[in-house]
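*Asks:* Below are the structure tokens for one structure; questions will follow.
The values are calculated or read from the model by the stated rules, or taken from the named source; none is laboratory data. Note that the coordinates shown come from a computational prediction; the quantities given were computed from them, not determined experimentally. Ideal geometry is used to build each Cβ from the backbone, glycine not excepted, and the neighbour counts take in all protein chains shown. Only protein heavy atoms, including side chains, enter the accessible area calculation; ligands, DNA and RNA are left aside. Shrake-Rupley method; radii C 1.70, N 1.55, O 1.52, S 1.80 Å.
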Amino acid sequence: MANELLIRVYDVGLGDCIYVRIPGKSAKVEDAFHLLIDCGTWSEGKLLKAAIKQLESELPTSDGGKKRLDLVVVTHEHKDHIAGFDPALFENIEVGAVWMNCAMNPKHPQAGKTRKIRGVAEKAMRRVAASGLKLSPRMDELLSVFQIDNKGAMNTLRKTLLKGRDPTYVSAGDTNEKYGLALHKAKIHVLAPEADFDRYYLGAPAQRALKGVLGSATFDAEGELISTAKSEKADKLPVPRNVGPASFRALRARMQSQALAFAELDGTLKNNSSVVLLIEWKKKRLLFVGDAEWHGAFKEGKMNGSWNVMWQRPDKLLNKPVDFLKIGHHGSENSTPWDMGTGKASEAVSILDAILPLPRAGEQATAKAVVSTERGKYRTIPRGLLMTEIARRVEGARIYASDLKGFKPKDPADFDAYEREWLGLAQPLRTDFERIRESKGFVDVIFT
């Protein structure tokens, strides 16, 4: 019903597409505030198309005759979060505003060094692609990231959905009120990223390394790294006539190693640029973290994880229990702060205990959590042990073992290989397992 707050986590495979309906003054759907957080997938496109079609059926009709979506939040620029921003999918939807993280602003001065990381990574990966070198599975995956043409999705976000208006680039401390978005008995807080992106998430050591690769003049220049036709041609890397085959293979291996390092760094920075939202409604606290990562502990001047930076903020909005958690990065082990199964106290454990405290003896957990995931070739996405740890702290956790009997996954290195130890234990609601159980196409969480 429209007087309930609805969180609908769509099953899009490995990706995020989350609809939030915040009630207005009346129970009419027209009075509600309609929010979409991300729209992407690494998996089959048909899942995403089905999600957008179902979303349309939930939205009110605007004065212009299209479906009305008040706000789209793009947490960060990875395919599993933006691939669905296709004009064809959104042709029947009118969008009021688009929020992006501050690091996605091509003119944001405090993310200039981070953008240069991206430029170095892109150039290095092009050279690897042209080298003919046999690639490791991880390098092959990263190469596919840099071969993705995100320009269509970003053009849709920046121009098509907003009809020429500019997106809003947000950072920690911003709220819906700052940007003139009125909500009834609700408030949207932006917890991350910090506006001074290079300082908090790139850090001094990484900046020194980048300076060594680029040289002082290029690193300190205000402009971006610009590819030219000449440099593109040079990136094809023909075999030098004065270098033997063995030496050239070693050269290509070093090139791949450097490319891997910068591509991994770029991926981490993008995850830590995720817009993190805290929605407060009727004393409920709902946390949506994108793919924000955590590291060991916050250190000034070092490369920090987004969770660690949020933990240090003076507003302390993270330092108390939440009623809902969108589990980060599809259940990856480095996107929900925890003890990694060690049982040792740490800053990460303090964060988890604050937002999802273990229930006291004789009490039941009341928080809810959902992860949008699809088990594939990675042991750590989702991390089975992490799923069972979160299940101890939330209500509605399920034991999925019986639902999976007779189910044959596409990849033989699937549940049995990576989750055998945990399938008989409770886990939070997972879109991949819920698809097997009910085939609804989404998981709903409702607050009254």
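*Asks:* Aspartates and glutamates within cross-link reach of Lys440: Cα-Cα under 17 Å, excluding same-chain residues under 8 positions apart?
*Replies:* Straight-line reach from Lys440, under 17 Å: Asp11, Asp16, Glu44, Glu56, Glu58, Glu374, Asp403, Asp432.
*Asks:* First compute the accessible area of the chain with a 1.4 Å probe, then give the percent of it belonging to carbon and sulfur atoms. Each step should come with its number before you reach the end.
*Replies:* Numbers: 10370 of 20250 Å².
Within the chain, the accessible surface is 51 percent carbon and sulfur.
*Asks:* Give the residue list of GluC sites (Glu not before Pro) in segment 409-448 that are DSSP loop and have at most 16 other beta-carbon atoms within 10 angstrom. Can you show the working numbers first?
*Replies:* Working: sites: Glu419, Glu421, Glu434, Glu438; in loops: Glu421.
Filter output for segment 409-448: Glu421.
*Asks:* What do you reckon, how do Glu177, Glu122 stack up by accessible area (1.4 Å probe), largest on top?
*Replies:* Details: Glu177 115, Glu122 65 Å².
In descending accessible area the options line up as Glu177, Glu122.
*Asks:* Also: Have a look at the DSSP beta bridges in the chain and tell me what percent are antiparallel, nearest 5.
*Replies:* Working: 29 of 50 bridges.
Expressed as a percentage, antiparallel bridges in the chain total about 60.
*Asks:* Can you sort Asp196, Asp31, Asp266 by 1.4 Å-probe accessible area, starting with the largest?
*Replies:* Working: Asp196 45, Asp31 75, Asp266 10 Å².
Listed by decreasing accessible area, they come as Asp31, Asp196, Asp266.
*Asks:* Taking the solvent-accessible surface of protein heavy atoms with a 1.4 Å probe, what is the per residue accessible area of the chain in Å²?
*Replies:* On the way: 20250 Å² over 448 residues.
About 45 Å² of surface per residue is accessible.
*Asks:* Packing-wise, with mean Cβ within 10 Å as the measure, how do 384-390, 332-338 rank, highest first?
*Replies:* On the way: 384-390: 21.6, 332-338: 23.7.
In decreasing order of mean packing, 384-390, 332-338 become 332-338, 384-390.
*Asks:* State the extension gain, in nm to one decimal, for the chain segment bounded by Asp403 and Ala417, taking 0.36 nm per residue of separation less the distance between their alpha-carbons.
*Replies:* Values: separation 14, 0.36 × 14 = 5.04 nm, distance 1.71 nm.
That pair, Asp403 and Ala417, stretches by 3.3 nm at full extension.
*Asks:* Nearest 10 degrees is fine. How inclined is helix 137-147 to the longest principal axis of the chain, computing both from alpha carbons?
*Replies:* For helix 137-147, the angle is close to 90 degrees.
*Asks:* With all protein chains present, calculate the accessible area of Cys17 using a 1.4 Å probe and round the result to the nearest 10 Å².
*Replies:* The accessible area of Cys17 comes to roughly 0 Å².
*Asks:* From the helices alone, meaning DSSP H stretches of at least four residues, give me the mean residue ellipticity at 222 nm for the chain, per-run term -39500 (n - 2.57), in deg cm²/dmol to the nearest 500.
*Replies:* Values: 14 runs with 142 residues, N = 448.
Mean residue ellipticity at 222 nm (helix-derived): -9500 deg cm²/dmol.
*Asks:* Between Ala27 and Ala297, what length comes free when the chain is fully extended (0.36 nm per residue of separation minus the Cα-Cα distance, one decimal in nm)? Present the calculation step by step, with values, prior to reporting the outcome.
*Replies:* Working: separation 270, 0.36 × 270 = 97.20 nm, distance 4.46 nm.
Stretched out fully, the Ala27 to Ala297 stretch lengthens by 92.7 nm.
*Asks:* In addition: Suppose accessible area is computed on protein heavy atoms with a 1.4 Å probe; arrange Arg68, Arg398 from highest to lowest. Spell out each step's value before the answer.
*Replies:* Numbers: Arg68 55, Arg398 75 Å².
Descending accessible area places them as Arg398, Arg68.
*Asks:* Given +1 on the Cβ of Lys and Arg, -1 on the Cβ of Asp and Glu, and no further charges, what dipole in debye does segment 346-411 carry about its Cα centre, rounded to the nearest 20? Walk me through the numbers on the way to the answer.
*Replies:* On the way: 12 positive and 8 negative charges, 81 e Å.
That gives a dipole near 400 debye.
*Asks:* Please work out how much length the chain gains when fully extended from Thr175 to Phe447, using 0.36 nm per residue of separation minus the C-alpha to C-alpha distance, in nm with one decimal.
*Replies:* Working: separation 272, 0.36 × 272 = 97.92 nm, distance 2.14 nm.
That works out to 95.8 nm of additional length.
*Asks:* Something else about it: Not counting ligands, DNA or RNA, and with a 1.4 Å probe, what is His329's accessible surface area in Å² rounded to the nearest 10?
*Replies:* 30 Å²
*Asks:* Now, a different point. Evaluate the charge dipole of the chain about its Cα centre and quote only its size in Debye, nearest 20, assuming +1 on the Cβ of each Lys and Arg and -1 on the Cβ of each Asp and Glu. Walk me through the numbers on the way to the answer.
*Replies:* On the way: 68 positive and 57 negative charges, 185 e Å.
Value, rounded to 20: 880 debye.
*Asks:* Something else about it: Summing Lys, Arg as +1 and Asp, Glu as -1, what charge do residues with Cβ under 14 Å from the Cβ of Arg437 carry, Arg437 excluded?
*Replies:* Details: positive: Arg398, Lys405, Arg430, Arg435, Lys440; negative: Asp11, Asp403, Asp432, Glu434, Glu438, Asp444.
Net charge around Arg437: -1.
*Asks:* Let me ask you something else. Mind pulling the angle between the C-alpha long axis of helix 203-214 and the longest principal axis of the chain? Nearest 10 degrees, somewhere in 0 to 90.
*Replies:* 30 degrees
*Asks:* Is there a pair in Lys79/Lys377; Lys326/Lys377; Lys49/Lys408; Lys282/Lys344; Lys123/Lys326 whose C-alpha atoms are over 29 Å apart, and which pairs would that be? It would help to have the intermediate numbers written out before the result.
*Replies:* Values: Lys79/Lys377 18 Å; Lys326/Lys377 22 Å; Lys49/Lys408 24 Å; Lys282/Lys344 35 Å; Lys123/Lys326 34 Å.
Violating the 29 Å limit, Cα to Cα: Lys282/Lys344; Lys123/Lys326.
*Asks:* Cα axis of helix 45-58 to longest principal axis of the chain: angle in degrees, 0 to 90, nearest 10?
*Replies:* Here the helix axis deviates by roughly 40 degrees.
*Asks:* Can you compute the FRET efficiency between Lys185 and Ser216 using 1/(1 + (r/R0)^6), with r the Cβ-Cβ distance and R0 = 45 Å? Round to the nearest 0.05.
*Replies:* Working: r = 54 Å, r/R0 = 1.19.
Efficiency, from the Cβ-Cβ distance: 0.25.
*Asks:* Would you mind putting 422-429, 4-11, 316-323 in packing order, based on average other-beta-carbon counts within 10 Å, highest first?
*Replies:* Packing proxy ranking, top to bottom: 4-11, 422-429, 316-323.
*Asks:* Additional query: Residues of segment 188-203 with amide nitrogen under 13 Å from the 7 Å Cα-to-Cβ point of Asp315?
*Replies:* 188-195
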